[in-house]
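Structure first, then comments.
The values are calculated or read from the model by the stated rules, or taken from the named source; none is laboratory data. Bear in mind the structure is a predicted one, so any value in this text is a computation, not a measurement. So basically every Cβ, Gly included, is an ideal-geometry build from the backbone, and we count neighbours across all protein chains shown.
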Amino acid sequence: MPWYHIKLQGKTSDYRYADEVNTLFYEYAKQGLWHLSATRWHPKKFDYKSLNVFYKELQSALGSGLQLNEALEHFSSSNSHKNMGKISQALLSELEYGVSFNNALSKLTLPLAQPYCYLLNANGTREDCDKSLSLSISQLDSLLNWSQRLLKALIYPFSIMQIALLILIANRALQSTSDVPLFIQLIGDSVLYTLFSFAQLLTINSLNKGGACYWLERFSQNFRLTKLFSLLSTTRATGITLQQAVKTMSSYFQHEPTKREILGVYYTLKLGKHYSESFPPHWFPRESAIALHSAEQDGDIERALTLAESQHERQWQSNIALLEKLIPALCLIIAGGVVASALVTLYAPLMEVP
């Protein structure tokens, strides 16, 4: 369903979410509001990074003594964050018509980050909301930190690759012996350089906004399990039972086998099976597996969950440290190959034996 920008006569404009604009006209007509116009609105939706910034601003406002609605009103009138202001106004409009805060926020967030909209407890007290904000910010900070660590590892090799490509283009221009005019060749090389630079900028922008998490989730089981147990811990800290927490976990993942595995655990737990029969063995490595079997005797699974979370976190920190070394090395090898090719071409005439 699309968003619409509703301009009302004598009233601040609204931003509403509906399947058809006629539905909105009918709602306003019931209130006696006839003089209005509606246009499609395409919001710049929150990603991991912008959602994290929004949560931090919201937490700061709540810490200043404002209620949730008052904080949103303050953001909507702010000129420092125009996109956040429009989104806050849209949230206020939806809240006014009875839509829950979590649902409204999820519609203004990209699909990958939407599940993190439901970690927020917007229906409790200000203290409950503040606590859930802290947990949400902690989760988003972790995701962004993992992605930005890879970004920092790529900056230097990206710079070397830029220099290597410039050397290659200059060498091709100096050593050109083809019938193609030099300026035509330079135009072709410039287009290649521009495309390569654009790809690098897209990669940097994606990593800066947490985009690495999509690929890490797709290819790394250790990342998925680290994320899973961290989210389980965070969700249960809000007072949700283990079964319900496991059920919600499937929405945080795009990896289909993991989603099916999580739902399988939920339904097995619901049937009353033992913990060791419900959870896949690879979820609980080493000491945590022993603690999981012990939980069948005393019913306390907290120690097993804590140990599993700690072990997956340690393994992931080790893996990401390895990635930080491997990725730059591979990029430097590629850049070195380009430079070596340019140098061989440049000095080949000097090495020819008469």
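Given (1) at pLDDT below 85; (2) in contact with a strand residue (DSSP E or B) (Cβ under 6 Å, 6 or more places away or on another chain), where does Cys117 come up short, assuming only one miss?
Single failed check for Cys117: (1).
Six or more apart or on different chains, Cβ under 9 Å: which pairs go from a residue in segment 25-42 that's closer than 21 Å to Lys86 by Cα and at pLDDT 80 or above to one that's of a type in the set (Phe, Trp, Tyr) and part of a strand (DSSP E or B)? Could you list them?
If the second residue must be of a type in the set (Phe, Trp, Tyr) and part of a strand (DSSP E or B), the pairs left are Thr39/Tyr4; Arg40/Trp3; Arg40/Tyr4; Trp41/Trp3; Trp41/Tyr4; Trp41/Tyr15; His42/Trp3.
Please count how many residues of segment 43-75 are in contact with a helix residue (DSSP H, G or I) (Cβ under 8 Å, 6 or more places away or on another chain), in contact (Cβ under 8 Å) with a residue 24 or more places away in the chain and part of a loop (DSSP other than H, G, I, E, B). Talk me through it step by step, then tell me what you get.
Taking segment 43-75 first, the residues in contact with a helix residue (DSSP H, G or I) (Cβ under 8 Å, 6 or more places away or on another chain) are 43-44, 46-59, 61-63, 66-75.
Right, trim to in contact (Cβ under 8 Å) with a residue 24 or more places away in the chain and you get 43-44, 46-59, 62-63, 67-69.
Okay, now just the ones that are also part of a loop (DSSP other than H, G, I, E, B), so 43-44, 47, 67.
Within segment 43-75, residues that are in contact with a helix residue (DSSP H, G or I) (Cβ under 8 Å, 6 or more places away or on another chain), in contact (Cβ under 8 Å) with a residue 24 or more places away in the chain and part of a loop (DSSP other than H, G, I, E, B) number 4.
Considering segment 28-40 alone, what residues qualify as being exposed (fewer than 15 other Cβ atoms within 10 Å of the Cβ) and assigned to a loop (DSSP other than H, G, I, E, B)?
From segment 28-40, those exposed (fewer than 15 other Cβ atoms within 10 Å of the Cβ) are 29-32, 34-35, 37, 39-40; that's our starting set.
Of everything in segment 28-40, those that are exposed (fewer than 15 other Cβ atoms within 10 Å of the Cβ) and assigned to a loop (DSSP other than H, G, I, E, B) turn out to be Gln31, Gly32, Trp34, His35.
For segment 303-331, give me the residue count where each residue is charged (D, E, K, R) and surrounded by 12 or more Cβ atoms within 10 Å (Cβ to Cβ).
So the answer is 4.
Taking segment 259-278 on its own, how many of its residues are surrounded by 13 or more Cβ atoms within 10 Å (Cβ to Cβ) and over 20 Å from Ile301 (Cβ atoms)? Write out each step before concluding.
The initial filter retains those residues of segment 259-278 that are surrounded by 13 or more Cβ atoms within 10 Å (Cβ to Cβ), namely 259, 261-269, 273-276, 278.
From the residues that got through so far, the ones that are over 20 Å from Ile301 (Cβ atoms) too are 259.
So the count comes out to 1.
If we keep just the residues of segment 217-268 that are of a type in the set (S, T, N, Q) and not in a helix (DSSP H, G or I), which is nearest to Trp146 (Cα to Cα)? Steps first, please.
Keep residues of segment 217-268 that are of a type in the set (S, T, N, Q), which gives 220-222, 226, 230, 233-235, 238, 241, 243-244, 248, 250-251, 254, 258, 268.
This time we only want the ones that are not in a helix (DSSP H, G or I), so: 220, 238, 241, 254.
On the way: Ser220: 13, Thr238: 24, Thr241: 28, Gln254: 18 Å.
Filtering segment 217-268 for residues that are of a type in the set (S, T, N, Q) and not in a helix (DSSP H, G or I), the one nearest to Trp146 (Cα to Cα) comes out as Ser220.
Just wondering, is there one or more residues in segment 218-227 that are more than 18 Å from the chain's Cα centre (by Cα) and not hydroxyl-bearing (Ser, Thr, Tyr)?
To start, the set of residues in segment 218-227 that are more than 18 Å from the chain's Cα centre (by Cα) comprises none.
Looking through segment 218-227, none of the residues is more than 18 Å from the chain's Cα centre (by Cα) and not hydroxyl-bearing (Ser, Thr, Tyr).
Check segment 279-290 and report whether any residue there is assigned to a helix (DSSP H, G or I), touching a residue at least 40 places away in the same chain (Cβ under 8 Å) and either in contact with a Gly (Cβ under 6 Å, 6 or more places away or on another chain) or buried (at least 18 other Cβ atoms within 10 Å of the Cβ) (or both). Lay out the reasoning, then the answer.
Residues of segment 279-290 that are assigned to a helix (DSSP H, G or I), as a first pass: 281-283, 287-290.
Going one step further and asking which of them are touching a residue at least 40 places away in the same chain (Cβ under 8 Å), we end up with 282-283.
Those left that are additionally either in contact with a Gly (Cβ under 6 Å, 6 or more places away or on another chain) or buried (at least 18 other Cβ atoms within 10 Å of the Cβ) (or both): 283.
Looking through segment 279-290, at least one residue is assigned to a helix (DSSP H, G or I), touching a residue at least 40 places away in the same chain (Cβ under 8 Å) and either in contact with a Gly (Cβ under 6 Å, 6 or more places away or on another chain) or buried (at least 18 other Cβ atoms within 10 Å of the Cβ) (or both).
Which one is farthest from the chain's Cα centre (by Cα), of the residues in segment 279-296 that are at pLDDT below 85 and closer than 21 Å to Gln244 by Cα?
Glu296
Given the condition within 25 Å of Ala153 (Cα to Cα) and either in contact (Cβ under 8 Å) with a residue 24 or more places away in the chain or buried (at least 16 other Cβ atoms within 10 Å of the Cβ) (or both), answer yes or no: does some residue in segment 238-245 qualify?
In the first step, residues of segment 238-245 are kept if they are within 25 Å of Ala153 (Cα to Cα); the result is none.
Looking through segment 238-245, none of the residues is within 25 Å of Ala153 (Cα to Cα) and either in contact (Cβ under 8 Å) with a residue 24 or more places away in the chain or buried (at least 16 other Cβ atoms within 10 Å of the Cβ) (or both).
Do you know which residues across segment 72-101 are closer than 18 Å to Lys49 by Cα and of a type outside the set (Val, Ile, Thr)? Walk me through how you get there before you give the answer.
First pass over segment 72-101, keeping only residues closer than 18 Å to Lys49 by Cα: 75, 80-88.
Phe75, Ser80, His81, Lys82, Asn83, Met84, Gly85, Lys86, Ser88 - these are the residues of segment 72-101 that are closer than 18 Å to Lys49 by Cα and of a type outside the set (Val, Ile, Thr).
Could you look through segment 41-55, keep only residues that are farther than 11 Å from Leu110 by Cβ and not hydrophobic (A, V, I, L, M, F, W, C), and pick out the one that is surrounded by the fewest Cβ atoms within 10 Å (Cβ to Cβ)? So that I can check it myself, show each step before the final result.
Of all residues in segment 41-55, those farther than 11 Å from Leu110 by Cβ come to 41-42, 52-55.
Going one step further and asking which of them are not hydrophobic (A, V, I, L, M, F, W, C), we end up with 42, 52, 55.
Numbers: His42: 8, Asn52: 22, Tyr55: 25.
Going through the qualifying residues, I end up with His42.
If the Cβ limit is 6 Å and pairs must be 6+ apart or interchain, which residue in segment 189-209 that is more than 27 Å from Asn171 (Cβ to Cβ) pairs with which residue that is among the small types (Gly, Ala, Ser)?
Leu207/Ser147
Here are some residues: Ala104, Ala212, Ala199. Which one is among the aliphatic types (A, V, I, L, M), more than 18 Å from Phe54 (Cα to Cα) and in contact with a helix residue (DSSP H, G or I) (Cβ under 7 Å, 6 or more places away or on another chain)? Working first, answer last.
Details: Ala104 fails: more than 18 Å from Phe54 (Cα to Cα); Ala199 fails: in contact with a helix residue (DSSP H, G or I) (Cβ under 7 Å, 6 or more places away or on another chain).
Result of the check over Ala104, Ala212, Ala199: Ala212.
Give the residue, chosen from Phe158, Phe183, that is part of a helix (DSSP H, G or I), among the aromatic types (Phe, Trp, Tyr) and without any contact (Cβ under 8 Å) to a residue 24 or more places away in the chain. It would help to see each step written out before you state the result.
On the way: Phe158 fails: without any contact (Cβ under 8 Å) to a residue 24 or more places away in the chain.
Just one listed residue meets the conditions, Phe183.
In the list Ser60, Ser76, Ser50, which residue meets the criterion of being touching a Ser or Thr at 6+ places or on another chain (Cβ under 6 Å) and of a type in the set (Ser, Thr, Tyr)?
Values: Ser60 fails: touching a Ser or Thr at 6+ places or on another chain (Cβ under 6 Å); Ser50 fails: touching a Ser or Thr at 6+ places or on another chain (Cβ under 6 Å).
Checking each option against the conditions leaves just Ser76.
Among (1) out of contact with any Pro (no Cβ under 9 Å at 6 or more places or on another chain); (2) buried (at least 20 other Cβ atoms within 10 Å of the Cβ), where does Tyr252 come up short?
Just one mismatch for Tyr252, condition (1).
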